[in-house]
1. Out of curiosity, is A198 touching a residue at least 60 places away in the same chain (Cβ under 8 Å) and not assigned by TED's automatic domain parsing to the domain that holds Y42?
2. Of all residues in the stretch 103-129, how many are at pLDDT below 95 and acidic (D, E)?
3. Taking G69, is it out of contact with any helix residue (DSSP H, G or I) (no Cβ under 9 Å at 6 or more places or on another chain) and not in a helix (DSSP H, G or I)?
4. Filter the stretch 175-193 down to residues that are surrounded by 14 or more Cβ atoms within 10 Å (Cβ to Cβ), modelled with pLDDT of 85 or more and out of contact with any strand residue (DSSP E or B) (no Cβ under 6 Å at 6 or more places or on another chain), then give me how many there are.
5. Being of a type in the set (A, V, I, L, M, F, W, C) and surrounded by 11 or more Cβ atoms within 10 Å (Cβ to Cβ) is the filter here, so list the residues in the stretch 1-17 that pass it.
6. Please enumerate the residues belonging to the stretch 175-214 that are among the charged types (D, E, K, R) and closer than 30 Å to I90 by Cβ.
7. Regarding the stretch 26-33, can at least one residue be identified that is surrounded by 12 or more Cβ atoms within 10 Å (Cβ to Cβ), within 21 Å of L111 (Cβ to Cβ) and either at pLDDT below 90 or assigned by TED's automatic domain parsing to the domain that holds L114 (or both)?
Amino acid sequence: MTEYKPQQLDKKWQQEWTASKAFEVAIDPSRPKFYTLEMFAYPSGHAHVGHVRNYIIGDVMARTKRMRGYNVLHPFGWDAFGLPAENAAIKTGTHPETSTLDNIAHMKGQLQRLGISYAWSREIATCLPDYYKFNQWIFLKMFERGLAYRKRSTVNWCPSCNTVLANEQVIDGTCWRCGSTVVARDLEQWFFRITSYADELLEGLETLTDWPEKVVVMQRNWIGRSEGARVTFPLQGDPATKIEVFTTRIDTIYGATFVVLGPEHGRAWADALPEAHLTVLAQAGHLPQLESPERLLGAMQDLGASPDRGAAPSEEAA
């Protein structure tokens, strides 16, 4: 065997594949179809070994199916309209459009030199109008049907990244990306009314027989559907003002002797609460950063709200 010179040999065949459109695909009813898609890359920098490992696995699958006679569609794209790209632009002091498109060009060249069998004619970038116009269209349709709405809610906020974090992105009270301490902040934001589809989503989980059980459980918990009742309690001294709570144990409601408001909700009731309650509320400013079990146990007892003094519905007012 002659000496293997990858810089020469790989370049030769990659040029041949490009010229012959070896990995492009057209409709062919005579062959079985196979669709291979790996996660789109964040163009917030350059490709590294983590990208290589992930995309090589997908390439092996695509090539194997192609050699077995399948009509394989193996596209690629860039998840380029989000926080990683924005943070990269801020870090380098470059306009986000320039930074993002430059990184896409560089990473694309890296992946092409790896010889991965992508159908590059199908390439998309989520930061370009010809892609995100469909996101906007879908959002407008959901808004028209009452499935998108605005309300104030407490969120996990990273003061360094200046963005909202999902619960899964908060690791031991810090931002998964930069390590800054996460704080709670009240923001008015957009929501999708997924509760309208809770039953349908749960029924669909029953069909995922090949999924790992722990993943199905995570999805079921994320949907978060529970059956119960909403109960209103009149405020002492002001019966016209009512606090609504949700409980899954309506059968125990006659044992309730007080209602606990979370600090996020308590602020909205400040004008109606007695002076003594406002003192406790002022001391509870740090509670939004605590998880619910911590609030209900040690932290609340430190403020003088002992669970031994009565029973309350299991959920905070929502």
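1. Details: touching a residue at least 60 places away in the same chain (Cβ under 8 Å): no; not assigned by TED's automatic domain parsing to the domain that holds Y42: yes.
Spelling it out, it is not the case that A198 is touching a residue at least 60 places away in the same chain (Cβ under 8 Å) and not assigned by TED's automatic domain parsing to the domain that holds Y42.
2. Total satisfying the criteria: 0.
3. Numbers: out of contact with any helix residue (DSSP H, G or I) (no Cβ under 9 Å at 6 or more places or on another chain): yes; not in a helix (DSSP H, G or I): yes.
So G69 passes the test.
4. Final tally of qualifying residues: 1.
5. From the stretch 1-17, those of a type in the set (A, V, I, L, M, F, W, C) are 1, 9, 13, 17; that's our starting set.
Those that are of a type in the set (A, V, I, L, M, F, W, C) and surrounded by 11 or more Cβ atoms within 10 Å (Cβ to Cβ): L9, W13, W17.
6. First pass over the stretch 175-214, keeping only residues among the charged types (D, E, K, R): 177, 185-186, 188, 193, 199-200, 203, 206, 210, 213-214.
Across the stretch 175-214, the qualifying residues are R177, R185, D186, E188.
7. no
Conditions (1) in a loop (DSSP other than H, G, I, E, B); (2) of a type outside the set (D, E); (3) exposed (fewer than 15 other Cβ atoms within 10 Å of the Cβ); (4) touching a His at 6+ places or on another chain (Cβ under 6 Å), marked per residue:
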| position | (1), (2), (3), (4) |
| --- | --- |
| A89 | no, yes, no, no |
| T94 | yes, yes, yes, no |
| E97 | no, no, yes, no |
| A105 | no, yes, yes, no |
| K108 | no, yes, no, no |
| S121 | no, yes, yes, no |
| C127 | yes, yes, no, no |
| F134 | no, yes, yes, no |
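The values are calculated or read from the model by the stated rules, or taken from the named source; none is laboratory data. Because the structure is predicted, anything quoted here is derived from the model rather than measured. Methodologically, a virtual Cβ is constructed for each residue, glycine included, from the backbone with ideal geometry; neighbour enumeration extends over all protein chains shown.
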